[in-house]
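Notes for the one structure printed next.
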There are 2 protein chains.
Amino acid sequence: MTTAAADEGMWLLNDPPHAKLQERYGFDLTDPFLQRAMHASVRFNNGGSGGFVSPDGLIVTNHHIGADSLQKLTRPGRDLIADGYLAKTRADELKCPDLELNVLQSIEDVTDRVKAAVKPGQSAAEAAAARRAVLSAIEKESLDSTGLRSDVVTLYQGGVYHLYRYQKYTDVRLVFAPESAAAAFGGDVDNFEYPRFGFDVCFFRAYQNDKPVNPSHYFPWSKTGVAEGDLVFVTGHPGTTNRLETVARLKYRRDFGHPYQLARLRAMESALIQFSETGPDARRVAATDLHRVANARKVISGQFQALLDPAVMARKEQEENALRSADPKPWEAIEKTQSLLRSRERQMALLERGEAFSSELFAAARHLVRLAAELPKPSGDRLREYRTSNLDSLKFQLFSPAPIDPTLEVAKLSASLTFLAEALGDRATIEIVLAGKTPRVRAAELVAGCKLFDVAERKRIFDAGPAAIDQSADTMIQLARTIDPAAREVRKFIEEQVDEPERQAYSRIAEIRFEKFGRTIAPDATFTLRLAFGRVSGYDEDGVARPYQTTVAGLFQRAGKMGGREPFVLADRWKAAQSKLDPTTPMNFVSTADTIGGNSGSPVVNRDGELVGINFDRNRPGLVRNFVYSDVQARHIAVHGGGVVAALKTVYGANDLARELVGQ
Amino acid sequence: MTTAAADEGMWLLNDPPHAKLQERYGFDLTDPFLQRAMHASVRFNNGGSGGFVSPDGLIVTNHHIGADSLQKLTRPGRDLIADGYLAKTRADELKCPDLELNVLQSIEDVTDRVKAAVKPGQSAAEAAAARRAVLSAIEKESLDSTGLRSDVVTLYQGGVYHLYRYQKYTDVRLVFAPESAAAAFGGDVDNFEYPRFGFDVCFFRAYQNDKPVNPSHYFPWSKTGVAEGDLVFVTGHPGTTNRLETVARLKYRRDFGHPYQLARLRAMESALIQFSETGPDARRVAATDLHRVANARKVISGQFQALLDPAVMARKEQEENALRSADPKPWEAIEKTQSLLRSRERQMALLERGEAFSSELFAAARHLVRLAAELPKPSGDRLREYRTSNLDSLKFQLFSPAPIDPTLEVAKLSASLTFLAEALGDRATIEIVLAGKTPRVRAAELVAGCKLFDVAERKRIFDAGPAAIDQSADTMIQLARTIDPAAREVRKFIEEQVDEPERQAYSRIAEIRFEKFGRTIAPDATFTLRLAFGRVSGYDEDGVARPYQTTVAGLFQRAGKMGGREPFVLADRWKAAQSKLDPTTPMNFVSTADTIGGNSGSPVVNRDGELVGINFDRNRPGLVRNFVYSDVQARHIAVHGGGVVAALKTVYGANDLARELVGQ
């Protein structure tokens, strides 16, 4: 971990690691390379990444990122998760009900304006209000002047503010998805493991005015693959890292935050597994929720192991001490906010973040209740998600025609209400929510008395405004209304007493860091576009060499060794194609580039900016990366681009699609 | 719930409900009936019940009670859980490595002596010591004079003390077990559901001096089955109920105890599922642990729903108020102990009950460490499980030759150490246990450095005494030694500050209850022999009639409807026998008799004392029975005795066994 750690970094596109790449790889990071990385990378707003791969708006991502749309397009008799999908012609491409894609157009530094809005001597409440107002104003001005989605991004936990402008695409159509048996081969068992054999890809196409988009840039599909030692780049949207957090916050996570999250995720996973096992329909409707929760449980488990590792905590203390001597006050301020956070975080999570109400219907009801209350206010005074510049995206989600399954709603709501009763520790609020019933009975009652399954009903209530909310007999709207004062109160407390003081403290910490080290450390991930780089390379674990890539032969071997049991059942199409597939066809490969959740679906590109793979996972040692970068064993894992083309042709007969990628 | 609730009660054999049975069913509960119930009922010390069913010592119980032994008798190439077993001759009956059975011989009321040992004015510590000493003395005197296992049982939470004497059997051999696909058809999905189609039976034979035992009593196998409305009895060993607990304790369970247990069980279940899925060997070795944990999770979930039901709590408050007016002090005392319990219960559970160290090796190490410290003391001063009268049973377990799987040990220990770090809230102790490693690394290290897999090593250390413990380099012994002071300290605190004051308070509550109502309410369950009675009867749920019994036809229908997916895969033998099986053959039936966990495997007998079924489960509405009895929907579920004989003959070709049961 000496020079090698120099592959660390999820770099800002407007502050890229020119010198580092020159020094380590003799690579000249040119403007055209960066322009392509910016304009060909695609953010999936449901939590992933992707990239344009043809001049006709074709986009590649992971199957597990597309799965949300596959689930929503699934109908009895058309199970896109289990069976996959291939559009034979463009007319067969299936429009996703609520998928929004964002493509970054420009970045502008607005730090000075944001910081100037908060005046010395303001109370935390005043400062929080001033900050919210200036962010909202900047975004609205940008939206009005450019027509582009405009988000101010908080970097370095409050040290720097950048305005990101995006082209939005809301007409996105499914082109190809494999069956989940191939995409998620190995399932939860192999998730975060390597060697790996996942065919975790999915293709969409962006449309505008009913015509395929012609993007300004796309990643040409490489025809040469990768070799050990190759320099590669990952260009995507890492979600969240915690590397610049103080030790006090990390200890808070270890002692309170992560144990709470683990308990919650296990409760939801247990409930979803039980629901899934009640029959094939239940299994189908719960598939993506179950995958999401199981994946999160594995991520948080891995992070928790890292937080319990004294070596990790010692390293963080060392890093902190190197800065803290300059001025200990900001660190002390963050120590103080942790005890405030501790006293309220469960309320915040359960009531305000809605973890007590795991339900699409509740989410819709809450938006309707809050929209009625917030829209009459000036944009800068609203709860942040209701600011003018965000309304179109919010309404696109709220009015999604995607079907909502009542049986799954009852199962999830019952589990999350039960978890509320376990975890909140405030009996009066629990009793208000449960209204004199058990969680199971209450969940069934809430779903049965809710009409928000119907988009028209959601629109009707939205259009009717506050009066319709006050008079509504809808059970879910009543619940959202009842709990709203408590939820707003805890949110206000956290925003004013925790978030705002922390932002000010981190702003000072960033100053100290920049003074001492310059901008040599990238900001923590914020689900915005970043560029990472690394070397394709295998590694040793438990004395066993793990190769830099895996092959089709390995897939069939693993299926055989695991006795064909779920989740190692080979997809029928792959079994049928076995004799025609070259066994040396590469499946997956690994590199040292710095990634995290949110990078799923990120294009992996070579020196020439050609796509060589699609990132889809990290290995288990990589789970520590929320807190520290390591490249001893930690790797991200990508689907091999060459393997994708081979499978499209040989396994799926998707020759048109393959031709669109590689021209033959 | 008016007169029908009169079927409530898990009655003491020496205080049986003569009048109630006479009044409700015109049934004369005779002495011979009671003698048979006592001497033919068998307690499985691993947590279940059973009964003698032939003059040659044949015993029936549930497959899920036998499963612990099946697992321990399983070897690579002989998977008794997956494949089942049928001994062709007596010579083929397989000796279980550590199964102890107890058959009750007599009950003696020792309340006066126990209560007299505790003097007015003694401190809680003095009272606890005096009570422990008198219990130990009574048991030792009884063992010395009769040679029988002698346990003083605390009834009415401290109101009454009875001495139970048992004949012990430690040479117990496996005669027959079905494959788990038939025994646990429907798995976790159908567990606690009805209609049900479980073939949850298992047969053992007790031996003494290498010859089958000829018990003084056994239950003749009925040839007539049951009809709706029939009076039946369940004679077995219900584990724990909480019906006579105060409202303060029930609220403690609702707000702290149950949430903690749910979090722990989900953590263990999640870890065991993940371990199981890593391959067929892992799946095999983890099978019984996973079943046990999943079952417990479902039980505690059901109880938690009941505790969250305001109607249940209101009923308990009403019951309590009816007594409390006589003298509120004991209830107030128990209110006080709850806050003490709250401050220490996680330490008690994790460190002393060992929930942080889910490992056979740790359990052995702790016994060795404690035996070395306790045996030099007088019996009455020892930790209760090391009293002289219990040593033989304890050593029988400790020196069990059952194999211990190291991979499963690491998985369980890793999960439970992780849970310790989540739940204990005492960073210093967590760090002592983890010794500077992550839970995963620490678990692997502990198992790798432990030699207690080997029975000879366990015996060697036991024989060598305290010096061997002090000098041991065995990792697990070192851990048990390191944590022992903290574990003993919290146990002492709970025994003296919670248990003893509660026992005194409950003693007073029992007096008040007996004064007001006489002994009309049976004591809470204590995993000792009880007699319950009820009526065979179906019920309505969600407007659907549930029949009093199910049939073989229903089994095949359900398998078909669930698409042959696990856990609804039909066993091959049953598929092969389908055409030969009479579709009207009964599989399972239900009655209103009052049961709880521990009653698994209990003989269900008719008015003539003949066995008509083997209890194996409750339905979901029955999960409320820890706290209140109901017979509106709550039922226990039994395997039908007639169905067992039919399957033995037609499905398994076990004609000798069938002949031993029904003589033809």
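Within the stretch B:403-418, how many residues are buried (at least 17 other Cβ atoms within 10 Å of the Cβ) and away from chain A (no Cβ under 12 Å)? Within the stretch B:403-418, residues that are buried (at least 17 other Cβ atoms within 10 Å of the Cβ) and away from chain A (no Cβ under 12 Å) number 9. When the residues of the stretch B:275-284 are filtered to those that are within 7 Å of chain A (Cβ to nearest Cβ) and open to solvent by 20 Å² or more (accessible area, probe 1.4 Å), the one that is modelled with the lowest pLDDT is B:Pro280. Pairs linking a residue in the stretch B:181-202 that is closer than 13 Å to B:Val569 by Cβ to a residue that is assigned to a loop (DSSP other than H, G, I, E, B) and of a type in the set (Gly, Ala, Ser), with Cβ atoms under 6 Å and 6 or more positions apart or on different chains, are B:Ala181/B:Ala571; B:Ala182/B:Ala571; B:Phe185/B:Gly198. Output the residue which, of all residues in the stretch A:78-105 that are acidic (Asp, Glu) and open to solvent by less than 20 Å² (accessible area, probe 1.4 Å), is farthest from the chain's Cα centre (by Cα). Going through the qualifying residues, I end up with A:Glu93.
Scan the stretch A:549-563 for residues that are within 12 Å of chain B (Cβ to nearest Cβ) and either touching a residue at least 24 places away in the same chain (Cβ under 8 Å) or part of a loop (DSSP other than H, G, I, E, B) (or both) and the total you get is 3.
Residues of the stretch A:301-332 that are part of a helix (DSSP H, G or I), under 25 Å from the mean Cα position of the chain (by Cα) and within 11 Å of chain B (Cβ to nearest Cβ): A:Ser301, A:Gly302, A:Phe304, A:Gln305, A:Ala306, A:Leu307, A:Val312.
Per the conditions (1) under 30 Å from A:Gln633 (Cβ atoms); (2) at pLDDT 95 or above; (3) not hydrophobic (A, V, I, L, M, F, W, C), the sole criterion not satisfied by A:Asp190 is (2).
Out of A:Leu244, A:Leu250, A:Leu265, one residue alone is more than 30 Å from A:Leu86 (Cβ to Cβ), at pLDDT 95 or above, buried (at least 19 other Cβ atoms within 10 Å of the Cβ) and more than 14 Å from chain B (Cβ to nearest Cβ). It is A:Leu244. Just one of (1) within 29 Å of B:Pro16 (Cα to Cα); (2) of a type in the set (Lys, Arg); (3) in contact with a Ser or Thr (Cβ under 9 Å, 6 or more places away or on another chain) fails for B:Lys72. It is (1).
Quick test for you: out of A:Arg530, A:Arg546, A:Arg513, pick the one residue that is more than 21 Å from A:Arg635 (Cβ to Cβ) and either more than 14 Å from chain B (Cβ to nearest Cβ) or in contact with a strand residue (DSSP E or B) (Cβ under 9 Å, 6 or more places away or on another chain) (or both). Only one candidate passes the filter, namely A:Arg513. Just one of the listed residues (A:Glu489, A:Glu566) is open to solvent by 20 Å² or more (accessible area, probe 1.4 Å), out of contact with any strand residue (DSSP E or B) (no Cβ under 8 Å at 6 or more places or on another chain) and touching a residue at least 24 places away in the same chain (Cβ under 8 Å), and it is A:Glu566. Picking from residues in the stretch A:135-170 that are hydrophobic (A, V, I, L, M, F, W, C) and open to solvent by less than 20 Å² (accessible area, probe 1.4 Å), the one that is farthest from A:Leu394 (Cα to Cα) is A:Val160. Filtered by the rule that a residue be part of a loop (DSSP other than H, G, I, E, B) and either open to solvent by 20 Å² or more (accessible area, probe 1.4 Å) or among the basic types (Lys, Arg) (or both), the stretch A:106-130 gives A:Val118, A:Lys119, A:Pro120, A:Gly121, A:Gln122, A:Ser123.
Across the stretch A:22-60, the number of residues qualifying as touching a strand residue (DSSP E or B) at 6+ places or on another chain (Cβ under 6 Å) and over 30 Å from A:Glu660 (Cβ atoms) comes to 1. Where residues in the stretch A:285-299 are of a type in the set (D, E, K, R) and in contact with a helix residue (DSSP H, G or I) (Cβ under 8 Å, 6 or more places away or on another chain), which of them is nearest to the other protein chains (Cβ to nearest Cβ)? Step by step, filter the stretch A:285-299, then rank; the result is A:Arg297. Can you pull out every residue in the stretch A:446-470 that is touching a residue at least 12 places away in the same chain (Cβ under 8 Å), assigned to a helix (DSSP H, G or I) and either closer than 14 Å to A:Arg481 by Cα or within 14 Å of chain B (Cβ to nearest Cβ) (or both)? Once the filter is applied, which keeps residues that are touching a residue at least 12 places away in the same chain (Cβ under 8 Å), assigned to a helix (DSSP H, G or I) and either closer than 14 Å to A:Arg481 by Cα or within 14 Å of chain B (Cβ to nearest Cβ) (or both), the stretch A:446-470 yields A:Leu446, A:Ala448, A:Ile461, A:Pro466, A:Ala468, A:Ile469. Checked across the stretch B:513-533, the condition of being in a helix (DSSP H, G or I), open to solvent by less than 40 Å² (accessible area, probe 1.4 Å), closer than 17 Å to B:Leu323 by Cβ and not polar (S, T, N, Q) holds for at least one residue. In the stretch A:419-445, of all residues being over 17 Å from A:Gly354 (Cα atoms) and not in a helix (DSSP H, G or I), the one that is farthest from the other protein chains (Cβ to nearest Cβ) corresponds to A:Ala435.
Among the residues of the stretch A:250-266, are any outside the structural domain of A:Ala646 (by TED's automatic domain parsing) and of a type in the set (Ser, Thr, Tyr)? Yes - at least one qualifying residue is present in the stretch A:250-266.
The values are calculated or read from the model by the stated rules, or taken from the named source; none is laboratory data. All figures in this text were calculated on a predicted structure; none of them were measured in a lab. Cβ: placed from backbone, ideal geometry, glycine included. Neighbour counts: every protein chain shown. Heavy atoms of the whole protein, side chains included, go into the accessibility calculation; ligands, DNA and RNA do not. Shrake-Rupley method; radii C 1.70, N 1.55, O 1.52, S 1.80 Å.
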